[in-house]
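The values are calculated or read from the model by the stated rules, or taken from the named source; none is laboratory data. Everything numeric in this text was worked out from a predicted model, so none of it was measured. Counting neighbours? That spans all protein chains shown, and the Cβs are built from the backbone with ideal geometry, glycine included. Side chains included, ligands, DNA and RNA excluded: accessible areas come from the protein's heavy atoms. Shrake-Rupley method; radii C 1.70, N 1.55, O 1.52, S 1.80 Å.
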Amino acid sequence: MMRPVVYVSRFVPGYRRPVLEALNTALGGCLVVCAGQPPSASFASLSTDAPAGYRQVRLRNYWIARDRMHAQGIGRILRLEPGVVLAEESPRTLTLPLLLSRARRRNSRTLLWGHFSSNNRPFGSAHPMDRYRIALARRADGCVCYTESIAASLAQFVPSERLFAARNTLDIRPLLELHRRLTAEGRPAIRKRLGLKAEGPVLAYLGRLIPEKKLDTLLDIYGELRRHQPASLVIIGDGPERAAIEAHISGRRGSDVILTGSLTNPRDSAPWLMAADVLVCPGYLGLAINHAFALGLPVVTQSSPNPDIRYHSPEIAYLKPGENGMTAPFGDVPALARAVQTVLADQPRFAANALAYARENLQLETMLEGLLNAIAFAES
């Protein structure tokens, strides 16, 4: 009987389930997912208790210093006698080195899957956390990177034959279908249904309402745009910054800003995004890019404050300035507003390019292929 492939994570966000279910099917039902509960309500909104199409083992999570550090019991994982351990590459998980060493003692192959780097420091910097991540990458039998550019950077430290790219994405098939249906309805009709003004562009934001997302800059960009034309802003998400946003809105007469709250079901968020002309996210970006592109929505953000750091999550590699979105210098609100205007002036072309990029590059099958290649390498 084939030994199981065990995926180990702190917790499993709802958006990760489709690829795990596809992976389980491709492995003939041999995948076991070992994970615990998220640390807080902010992360709990990403999770779901709906039945999964794979075997699950619930681990006990120990969150330390709120959610800054993490540990989990590994005994239940090793009792599964895995052939391959595919572990989330989380530097916050204190028990990860122990899991790798004990798995190898039991003749299990080991793979790490993740970023392998910080958004806020150069790749492989001398910072203790970065040195630790590289050391773990070297200890594993293979590394599964979120993008090809991450794999290329990691090749400075790990032999290239042990590196694999599984382009990080969502299951965009439901989003593509929603795009088809909502396109048939038409943007004017969607705006009318949602109570949005017919005139002027609509900006959208999608993500948690946290300081790292630079929502103050978002509101400044919106204010700069409104100096020249009527415009609306739709903010989709929730978090600790909501009260500050509400206070900002209440102090400005005539501000057309709508806070929808958290909309975890794409059927609820898609009409708002399809009603918009551009997604504007000044803070660090991740899978919101995939979400927007699959609905034909171009993206505007700011570039890194330091050319030696990435600032955004690896998915920023999907944004091609001048094609499916725009970037502007960090902290330069007028330049960011001009970037938004550039997209608005040629919105149909930017939108078509965003949708085409998603269809050609961000399908779940591409991500699945990278994972399967890494597992086959480990098993061999």
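Select from the range 348-365 the residues that are surrounded by 15 or more Cβ atoms within 10 Å (Cβ to Cβ) and polar (S, T, N, Q) and list them in ascending order. Asn353, Gln363, listed by residue number. Evaluation of Val84 against the conditions (1) surrounded by 18 or more Cβ atoms within 10 Å (Cβ to Cβ); (2) under 24 Å from the mean Cα position of the chain (by Cα) shows that the sole unmet condition is (2). Residues in the range 11-28 that are open to solvent by 20 Å² or more (accessible area, probe 1.4 Å) and without any contact (Cβ under 8 Å) to a residue 12 or more places away in the chain: there are none. Summed over the range 255-297, residues that are under 22 Å from Met326 (Cβ atoms), assigned to a loop (DSSP other than H, G, I, E, B) and not aromatic (Phe, Trp, Tyr) total 11. Leu94 fulfils the conditions (1) modelled with pLDDT under 95; (2) out of contact with any Phe, Trp or Tyr (no Cβ under 8 Å at 6 or more places or on another chain); (3) open to solvent by 60 Å² or more (accessible area, probe 1.4 Å) except for a single criterion, (1). Go through (1) under 19 Å from the mean Cα position of the chain (by Cα); (2) closer than 30 Å to Gly124 by Cβ; (3) open to solvent by 40 Å² or more (accessible area, probe 1.4 Å); (4) polar (S, T, N, Q) one by one and return the number of the condition Ser262 breaks. Of everything listed in (1) under 19 Å from the mean Cα position of the chain (by Cα); (2) closer than 30 Å to Gly124 by Cβ; (3) open to solvent by 40 Å² or more (accessible area, probe 1.4 Å); (4) polar (S, T, N, Q), Ser262 misses just condition (2). Here Thr327, Thr301, Thr366 are screened, and the one residue that is over 30 Å from Gly223 (Cβ atoms) and among the hydroxyl-bearing types (Ser, Thr, Tyr) is Thr366. Within the range 65-81, if we keep just the residues that are within 23 Å of Pro314 (Cα to Cα) and without any contact (Cβ under 8 Å) to a residue 60 or more places away in the chain, the residue that is most open to solvent (accessible area, probe 1.4 Å) turns out to be Arg68.
Looking at the range 256-282 only, could you name the residues that are closer than 16 Å to Thr217 by Cβ and at pLDDT below 95?
Val257
Just one residue in the set Leu219, Leu209, Leu233, Leu225 is in a loop (DSSP other than H, G, I, E, B) and open to solvent by less than 60 Å² (accessible area, probe 1.4 Å); that residue is Leu209.
In this structure, does Val85 turn out to be touching a residue at least 40 places away in the same chain (Cβ under 8 Å) and in contact with a Phe, Trp or Tyr (Cβ under 6 Å, 6 or more places away or on another chain)? No, not satisfied. When Arg208, Arg191 are checked against the criterion of being basic (Lys, Arg) and either under 22 Å from Pro334 (Cβ atoms) or at pLDDT 95 or above (or both), a single residue qualifies: Arg191.
Scan the range 303-359 for residues that are over 19 Å from Val202 (Cβ atoms), among the aliphatic types (A, V, I, L, M) and touching a Phe, Trp or Tyr at 6+ places or on another chain (Cβ under 6 Å) and the total you get is 1.
When the residues of the range 326-337 are filtered to those that are without any contact (Cβ under 8 Å) to a residue 40 or more places away in the chain and surrounded by 15 or more Cβ atoms within 10 Å (Cβ to Cβ), the one that is farthest from Asp277 (Cα to Cα) is Phe330. Identification of strands (runs of 3 or more DSSP E) wholly contained in the range 98-194 with 1 or more residues that are surrounded by fewer than 18 Cβ atoms within 10 Å (Cβ to Cβ) and among the polar types (S, T, N, Q) yields no element.
In this entry, Ala337 is excluded by the filter for residues that are under 30 Å from His127 (Cβ atoms) and in contact with a Leu (Cβ under 6 Å, 6 or more places away or on another chain). Scanning the range 296-325 for residues that are of a type in the set (D, E, K, R) and crowded, with 16+ Cβ neighbours inside 10 Å, which turns out nearest to Tyr146 (Cα to Cα)? So the residue we want is Glu315.
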